[in-house]
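> The structure's right below; bear with me while I get my questions together.
Each value in this text was obtained by applying a stated rule to the coordinates, not by laboratory testing. The model shown is predicted, which means the values in this text are computed figures rather than measured ones. Please note: Cβ atoms are built from the backbone with ideal geometry, for glycine as well, and neighbour counts cover all protein chains shown.
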Amino acid sequence: MFEISHRFDMPVSEGAEAFWGLDGDVRNRMGLSYSVSDRLRLGVLRSNFQDNIELNAKFVPISGGPDALPLKVGVMGGVAWNTNISPTEGSTENEMQAYAQLILNALVGDRVALGVVPSYLHNRRIRDFDEDGTLSIGLNSQVFLTSSMSFLAEWIIVEEALDAQTTTAVGATNHDVGSFGLEFTTRGHVFKLMLTNQSRMNPTQILAGAPYAFEPDEWRPGFNITRILPF
């Protein structure tokens with residue numbers, strides 16, 4: 001599966017003069033993953049924010065359940081290196097981070113999907129000498145409007161919500177992460193168009209918290225595009 005995603009650093013509240021945020025700087029992510037089996041997938045991601053490079057794996061041990069409430073249970077983890085950090089006291093080149101997630105998803109009826117994703121992030125503040133960790137809980141939902149279009153929403157509650165990777169002072173207030181938008185499925189691609197208060201994309205960046213409050217004036221546009229490449 002190939003992915004290319006963008007998050008725009010300028011909010012939509014800038015209006016027509018900034019083309020509702022699309023004229024601003026862009027955070028880009030590219031990813032490639034390979035399904036070793038129906039249950040195991042291996043992947044690599046790269047974000048241009050601090051040149052974050054990640055190796056990850058996802059395993060789905062449970063998939064099924066009753067017809068009225070199909071369930072999927074998965075575990076995912078990854079290791080990331082930040083290869084372009086602005087030199088500050090406490091930071092070192094190629095500083096490593098890691099994360100682990102438990103993924104719980106259920107389909108309620110034919111049109112509503114719900115998910116809970118408890119996560120642990122190691123070394124969230126890469127500008128510190130201390131390698132601390134943080135817990136978060138992701139809540140997500142998807143409402144299928146048609147067979148090819150759905151509404152999606154996500155909220156990530158971050159423990160203590162402290163500054164993780166911004167240029168502000170360590171300890172400055174950070175924020176939970178919120179996103180909402182539409183998903184379109186075509187014969188070859190899946191498109192996600194969204195508004196969010198998080199302009200970063202790789203898991204070790206997202207799970208640390210957002211640099212902006214989840215308020216309309218701070219919503220940034222973004223999109224994900226994925227495609228399955230058959231062999």
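> How many percent of Cα pairs in the chain exceed 26 Å?
Result: 38 percent of Cα pairs exceed 26 Å.
> In the neighborhood of Pro61, defined by Cβ-to-Cβ distances under 12 Å, what is the net charge if each Lys or Arg adds +1 and each Asp or Glu adds -1?
Taking every Cβ under 12 Å from that of Pro61, the sum is +2.
> Which whole-number percentage describes the relative contact order of region 1-156, with Cα contacts under 8 Å and a sequence gap of 6 or more?
12 percent
> Further, regarding this structure: Among Val112, Ile4, Leu22, which residue has its Cα positioned farthest towards the positive end of the charge dipole of region 1-158, with +1 placed on the Cβ of Lys and Arg, -1 on the Cβ of Asp and Glu, and the dipole taken about the Cα centre?
Projecting each Cα onto the dipole axis, the largest value belongs to Val112.
> Summarise the long-distance tail of P(r) for region 1-93 by giving the % of C-alpha pairs beyond 17 Å.
Within region 1-93, distances greater than 17 Å cover 67 percent of Cα pairs.
> A further question follows. For the chain, what is the mean residue ellipticity at 222 nm derived from helices alone (per DSSP H run of n ≥ 4: -39500 (n - 2.57); sum divided by total residues; nearest 500 deg cm²/dmol)?
Calculated mean residue ellipticity at 222 nm is 0 deg cm²/dmol.
> Follow-up. Going by amide H atoms built from the backbone, whose H comes under 5 Å of the H on Gly24, apart from near neighbours?
Met10
> As an exercise, use a Förster radius of 22 Å and the Cβ-Cβ distance of Trp81 and Ile137 to find the FRET efficiency, rounded to the nearest 0.05.
The formula returns an efficiency of 0.30 here.
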